[in-house]
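The next block holds one structure in the form of structure tokens; read it before the comments.
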Amino acid sequence: MDTQKIVQFINRNRLFSPEEKILVALSGGADSVALLHLLLSAGYTCEAAHCNFHLRDAESDRDEAFVRNLCNARHVPLHTVHFDTKREAEGRHISIEMAARELRYAWFEEIRKKCGAGVIAVAHHQDDSVETFLLNLIRGTGINGLRGIRPKNGKVVRPLLCIGRKEIISYLESIGQAYVTDSTNLQDEYTRNKIRLNLLPMMQEINPAVKESILKTAGHLDDAAIIYNKGIEEAKQRVMTDKGVQISALLQEPSPETLLFEILHPLGFNASQTKDIFQAADGQPGKIFANAGWRVVKDREFLLIEPVCETRRPILEIREYTYTPDFIIPRNKDTACLDADKLHLPLSLRLWQQGDSFVPFGMKGRKKVSDYLTDRKFSVFQKERQWVLCAGEEIVWLIGERTDNRFKIDEKTKRVLIVSTRQ
């Protein structure tokens with residue numbers, strides 16, 4: 001294989017310049033070994049990075065030893081790291097594949113900066129792009145998932161996307177270069193391998209050129225996606241607010257459910273969840289949809305979107321003063337001014353609960369806290385975060401909102417308790 005084909009692809013897609021140092025992700029497999037050889041043959045300056053994930057016992061150490069010998073023979077600086085991938089996956093409740101990917105790319109970027117490389121070169125090729133297309137099609141995705149693998153994503157570049165696996169193997173055989181084989185690639189264990197070993201061969205029986213057809217389709221969709229994404233971004237501007245998605249504006253869009261998918265998919269919601277959320281947009285307020293990191297609530301006029309996080313307990317400062325005629329009562333909402341002698345100690349702090357009631361300042365009758373918050377047009381998220389200060393069993397202050405009229409300062413007050421929130 002002529003290295004010029006790779007160089008032309010690099011230049012056409014502006015992956016990196018001849019002067020830049022390249023950090024090559026080197027696993028020891030055929031693809032990454034070919035990538036390193038091709039870049040070195042084309043005259044690029046390279047360093048290599050190898051991750052030992054300790055997922056295949058002796059094989060993992062074999063791969064590291066192979067990579068070390070290869071780099072020594074070619075005088076290429078090598079960076080290595082060891083990960084306890086299974087523990088990382090279990091601790092974060094994610095798949096082993098996801099844990100390995102995140103560990104790998106975070107470390108690559110760290111090494112790229114340390115060694116002064118311009119980009120990180122990974123060995124994805126045309127067959128990988130075809131498999132990714134089919135994988136996303138099977139799982140269900142929008143147009144962006146059907147674009148195949150991109151030649152460049154930030155600092156990560158893929159110079160081999162112009163060739164396929166057969167060309168890579170032929171190239172290595174022609175130069176007499178050995179490589180290691182990951183035994184899991186030969187097992188029908190993961191979805192991608194099922195596509196590679198089972199699905200694609202069946203599709204090739206129907207159309208021997210099915211890989212080329214898929215790549216052409218991905219190319220057409222890539223062009224279409226540029227126009228599509230421009231339209232999506234413009235539509236997002238029309239429907240998104242600080243609170244979330246304005247339902248009335250969403251429903252006026254030509255394809256509201258698709259737009260909602262593009263808003264929520266980056267937050268980890270799949271097509272099925274998005275469909276349920278869209279159907280709830282016409283329903284009663286209060287329905288909650290959540291994943292590991294985000295949640296969406298159907299409020300009155302909005303689909304509220306916020307990250308899942310613990311409700312922060314407010315920090316209170318309490319000071320007591322003698323009440324005199326010239327005492328100036330604080331008037332800001334983050335401060336409560338109470339008659340100390342009317343309070344039944346001790347004071348306690350908690351989130352409000354259904355059934356809570358108080359006498360809002362300036363009123364005589366009791367009002368349910370839920371009704372007060374609804375009248376104030378609080379969203380579901382805001383209601384969840386409403387704290388109350390209690391004296392005994394009685395609420396004396398909806399923190400940041402309103403004090404209870406029964407504990408206000410009057411002409412008989414002798415001692416004043418000032419309670420304020422501290423950020």
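The values are calculated or read from the model by the stated rules, or taken from the named source; none is laboratory data. Just so we're clear, the structure is a prediction, and the values are computed from it rather than from any experiment. No Cβ is skipped: glycine too gets one built from the backbone with ideal geometry, and neighbour counts run over all protein chains shown. For the accessible areas, the whole protein counts, side chains as well, though only heavy atoms, and no ligand, DNA or RNA atoms are used. Shrake-Rupley method; radii C 1.70, N 1.55, O 1.52, S 1.80 Å.
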Direction-averaged shadow area of the convex hull around the Cα atoms of the range 35-88, nm²?
4.0 nm²
What are the ³J(HN,Hα) values, in whole Hz, obtained from phi via the Karplus relation 6.51 cos²θ - 1.76 cosθ + 1.60 with θ = phi - 60°, for each residue of the range 27-37 in sequence order, with x given for Gly and Pro?
8, x, x, 4, 5, 6, 5, 4, 4, 4, 4
Heavy atoms of the protein only, probe of 1.4 Å, neighbouring chains included. What is the accessible area of ILE138 in Å², nearest 10?
110 Å²
At q = 0.09, 0.10 Å⁻¹, what is the base-10 log of I(q)/I(0) for the chain according to the Debye formula with one equal point scatterer per Cα and no solvent? Please give it to two decimals.
-0.77, -0.86
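I'd like the antiparallel share, as a percent to the nearest 5, of DSSP beta bridges with both residues in the chain.
Rounded to the nearest five, the antiparallel share is 75 percent.
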What angle do you read, to the nearest 10 degrees and between 0 and 90, between the alpha-carbon axis of helix 96-115 and the longest principal axis of the chain?
80 degrees
Does the range 348-402 come out rounded, prolate or oblate by the C-alpha gyration tensor, with a ≥ b ≥ c the root eigenvalues, rounded set by a/c under 1.5 and, if not, prolate when a/b is larger than b/c and oblate if not?
oblate
In whole Hz, the Karplus estimates of ³J(HN,Hα) for the range 138-146 (6.51, -1.76, 1.60; θ = phi - 60°; x where Gly or Pro) are 5, 6, x, 7, x, 4, 5, x, 10
Under 5 Å between amide H atoms, partner at least 5 residues away or on a different chain: which partners does VAL157 have, H built in plane at 1.01 Å?
ILE120, ALA121, VAL122
Heavy-atom accessible surface of the range 249-364: percent carbon and sulfur, 1.4 Å
53 percent
Enter the accessible area per residue of the chain (Å², integer; probe 1.4 Å; all protein chains in place).
55 Å²
Charge tally in the Cβ shell below 11 Å around ILE94, where Lys, Arg are +1 and Asp, Glu are -1, ILE94 excluded
-2
Net charge within 11 Å of LEU78 by Cβ-Cβ distance, Lys/Arg positive one each and Asp/Glu negative one each, not counting LEU78 itself?
0
Show me, bin by bin at 10 Å from 0, the whole-percent P(r) of the range 76-143 based on Cα pairs.
16, 33, 38, 13, 0
Per-residue ellipticity at 222 nm attributable to helices in the chain (runs of n ≥ 4 DSSP H, -39500 (n - 2.57) apiece, nearest 500 deg cm²/dmol) works out to -12000 deg cm²/dmol
Note down the accessible area of LYS275, probe 1.4 Å, to the nearest 10 Å².
90 Å²
Positive minus negative residues near ILE288 (Lys, Arg vs Asp, Glu; Cβ under 9 Å):
+3
Keeping to pairs on different chains or 8 or more places apart, tell me how many lysine pairs in the range 294-372 have Cα atoms under 24 Å apart.
8
3J(HN,Hα) from dihedral phi, the range 5-11, Karplus parametrisation 6.51/-1.76/1.60, rounded to Hz, x for glycine, proline
4, 5, 4, 4, 5, 4, 5
